[in-house]
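Below is a structure I'd like to ask you about.
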Amino acid sequence: MDSVERRRSAIVDFINQHSSITFAELKKEFAGVSEMTLRTDLRTLDRESRIIRVHGGAKSMETVVGNDPYLGSREVRNVEAKQIIVEKALRLIHPGSTLFLDSGSTTTMLAKNLPNQPLLIYTSSITCAAELARLDQVRVYLPGGAMNRFSMSICGTRGIEELEKVNFDLALLGVTSFSEKAGFTCGSAEEAVLKRTALSRADQRYVLMDSSKIGTRNPFTFGLLNEVNGVVTDGKAPADFLAACQEAGIQVL
């Protein structure tokens, strides 16, 4: 690990210890580092989804649980890419299917665009459920658990136990980040268990991931490349990722 990565890991640890810090507190803790360097570190760590930048400071990923942290501020990011992903993902959904729909801004956009057809959908997302409420042919179930008011999702042991009893035709999962070594990752241990459970109960398993998330990593792995049937992305995935998918026999849409 080089000195830059050691410093950035120390910054993440410092933010995690305090849940939320101001930039002034960060400067005091890392007094030997220039303000410009610290701001660059925060931008990089936010882009890699290792912390959440907020006005005047930063928050721990542990404070904002879920695969798409701080949903309200991030739902406007990469809108064009998400729309491309949604259009592709809609082709995977067939009338009469039982689906698991993960939480996140991309899945919420998918729910908003889903046509009215007979479906049974389990979702951990409150925003997805709200969008699906307009469809009278769709039966919607939310697993039990605690609500995260930042990501507007539900997670916990009760929901995981409930999903273990359901057989899904298709699981559509959101992704915080992907790296070749770590696989598909997110920022919450509970969220990772819920995602793994949904994967294990589904016949067809697809992840929804725009290309900006490739090459980054979060603490908790919920699946490896060879554990999914396909990746739905925005058409801008790097060549090495596409080659890895081809080698693993994974469909890229």
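On the accessible surface of the stretch 118-239, probed at 1.4 Å, how many percent belong to carbon and sulfur atoms?
Of the solvent-accessible surface of the stretch 118-239, carbon and sulfur hold 49 percent.
What spacing in nm lies between the two simple spin-label points modelled at Asn116 and Val4, each 7 Å away from Cα in the Cβ direction?
About 5.4 nm separates the two model spin labels.
Now for a different question. If you fit an axis through the alpha-carbon atoms of helix 79-90 and take the longest principal axis of the Cα set of the chain, what angle between them do you get, 0 to 90°, nearest 10?
In the chain, helix 79-90 runs at an angle near 30 degrees to the longest axis.
Each label point is 7 Å from the Cα along the Cα-to-Cβ direction; what then is the distance between the points at Ala182 and Leu242, in nm?
Going from the Ala182 label point to the Leu242 one covers 2.5 nm.
Mind putting a number on the dipole of the chain about its Cα centre? Charges go on the C-beta only, +1 for Lys and Arg and -1 for Asp and Glu, and I need it in Debye to the nearest 20.
The dipole magnitude comes to about 400 debye.
Turning to a different aspect of this structure: Can you list the residues of the stretch 168-196 with backbone N under 19 Å from a point 7 Å past the Cα of Ser19, pointing along Cα to Cβ?
In the stretch 168-196, the label zone of Ser19 (backbone N under 19 Å from the point 7 Å along Cα→Cβ) covers 187-191.
Let me ask something else. Where a Cα-Cα gap under 24 Å defines reach, which lysines qualify for Lys88, not counting those fewer than 8 residues away within the same chain?
Within the straight-line limit of under 24 Å, Lys88 reaches these lysines: Lys112, Lys195, Lys213, Lys236.
Would you mind getting me the FRET efficiency between Asn226 and Val54? Use the beta-carbon distance for r and R0 = 41 Å, nearest 0.05.
E(calc), rounded to 0.05, equals 0.65.
Run the numbers for Glu29 and Glu161: contour at 0.36 nm per residue of separation, minus the present Cα-Cα distance, in nm.
43.3 nm
Using the heavy atoms of the protein chains alone and a 1.4 angstrom probe, what is the accessible area of the stretch 191-253 per residue in square angstrom? It would help to have the intermediate numbers written out before the result.
Working: 2880 Å² over 63 residues.
Per residue, the stretch 191-253 has 46 Å² of solvent-accessible surface.
The values are calculated or read from the model by the stated rules, or taken from the named source; none is laboratory data. Since we're looking at a predicted model, the values are computed, not measured. In this analysis, Cβ positions are derived from the backbone assuming ideal geometry, glycine residues included, and neighbour counts consider all displayed protein chains. Surface areas here come from the heavy atoms of the whole protein model, side chains and all, with no ligands, DNA or RNA. Shrake-Rupley method; radii C 1.70, N 1.55, O 1.52, S 1.80 Å.
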